[in-house]
Amino acid sequence: MDLFDLPGLGGKDNTPGLKGNIFIAAEDTFAVIQGFKTTTAAGDSVTIAGSHSFLATYGFIQVYSTQDTAQFKLDPVGERDGRGKKATGEFFNPGNTKQAAEFDRIIKNRSCIVLVQTPEGVWLQFGGKGLGLEVLGSYDTGKLSGGRRGFMYKVEGYQNGLQFYEGDIVRPDGSKINALTGVVTP
């Protein structure tokens, strides 16, 4: 695909931020990690070509993020003729449950793919086959006089650019969420 015009928003909303549920899956739990579409319509080269599939009993797990704590960025890395993007992100999961502590202990040594949703309902994918993200948590008790108790997760990895996900979000119980419609199939 070659370059094409990039018009302005034309009065459409451009609400920043992300919705509060983040989906994460370890790279070694996938049966098939889809690549990009090979068709040539505008936007296809940055859109994942269908639904990822998983080994039995695996899928994307859902992690709640406190409102207004999730943010992901892509910054350029490399030099001319060899540039890519460094993906960084963060989100806060409140509380100090045993499940949260165990998740933190296990996720730190896994390569992951992360799905996040914009306020308009668009799903973005960070990480991919062979280029999974690290998800590293830090815990804080907060103070009695204020602050917050829970895990702040930092996400880091590399990819070529922004990636859009329109397939099914497969869950460990076998249910699926259609990324385009939001319809859940049990």
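The values are calculated or read from the model by the stated rules, or taken from the named source; none is laboratory data. Predicted model, so just to flag it, every value in this text is computed and none were measured. Cβ: placed from backbone, ideal geometry, glycine included. Neighbour counts: every protein chain shown. For the accessible areas, the whole protein counts, side chains as well, though only heavy atoms, and no ligand, DNA or RNA atoms are used. Shrake-Rupley method; radii C 1.70, N 1.55, O 1.52, S 1.80 Å.
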* Name every residue in the range 125-142 that is open to solvent by 70 Å² or more (accessible area, probe 1.4 Å) and assigned to a strand (DSSP E or B), in order of residue number. => LEU131, GLU134, LEU136, TYR139, ASP140
* Being touching an Asp or Glu at 6+ places or on another chain (Cβ under 7 Å), at pLDDT 95 or above, within 21 Å of GLY20 (Cα to Cα) and outside any helix (DSSP H, G or I), is that true of even one residue in the range 93-111? -> no
* State all residues of the range 8-37 that are assigned to a strand (DSSP E or B) and more than 14 Å from GLN125 (Cβ to Cβ); if no residue qualifies, say none. => ASN21, ALA26, ALA31, VAL32
* Search the range 2-20 for residues that are within 24 Å of VAL116 (Cα to Cα) and pair each with any residue that is among the aliphatic types (A, V, I, L, M) when their beta-carbon atoms are under 7 Å apart and the residues are at least 6 apart or on different chains. => LEU18/ALA70; LEU18/VAL116
* Out of all the residues in the range 101-124, is one or more out of contact with any Leu (no Cβ under 9 Å at 6 or more places or on another chain) and open to solvent by less than 10 Å² (accessible area, probe 1.4 Å)? -> no
* To do: Identify the residue in the range 143-167 that is open to solvent by 40 Å² or more (accessible area, probe 1.4 Å) and part of a strand (DSSP E or B) and, among all such residues, is nearest to ASP68 (Cα to Cα).
  => LYS154
* Note down all Cβ pairs under 8 Å where the first residue falls in the range 38-58 and is part of a helix (DSSP H, G or I), the second is among the polar types (S, T, N, Q), and they're at least six residues apart or on different chains. => ASP44/THR38; VAL46/GLN163
* Structure fact -> Residues of the range 1-53 being open to solvent by 80 Å² or more (accessible area, probe 1.4 Å) and within 21 Å of LYS73 (Cα to Cα), in sequence order, are LEU6, LEU9, ASP13, ASN14, PRO16, LYS19, PHE36
* Asked: So which of GLU102, GLU90 ends up being among the charged types (D, E, K, R), under 22 Å from ARG149 (Cβ atoms) and within 16 Å of the chain's Cα centre (by Cα)?
  -> GLU90
* To do: Keeping to the range 90-143, report how many residues are charged (D, E, K, R) and free of Cβ contacts under 8 Å to residues at least 40 places away in the same chain.
  => 7
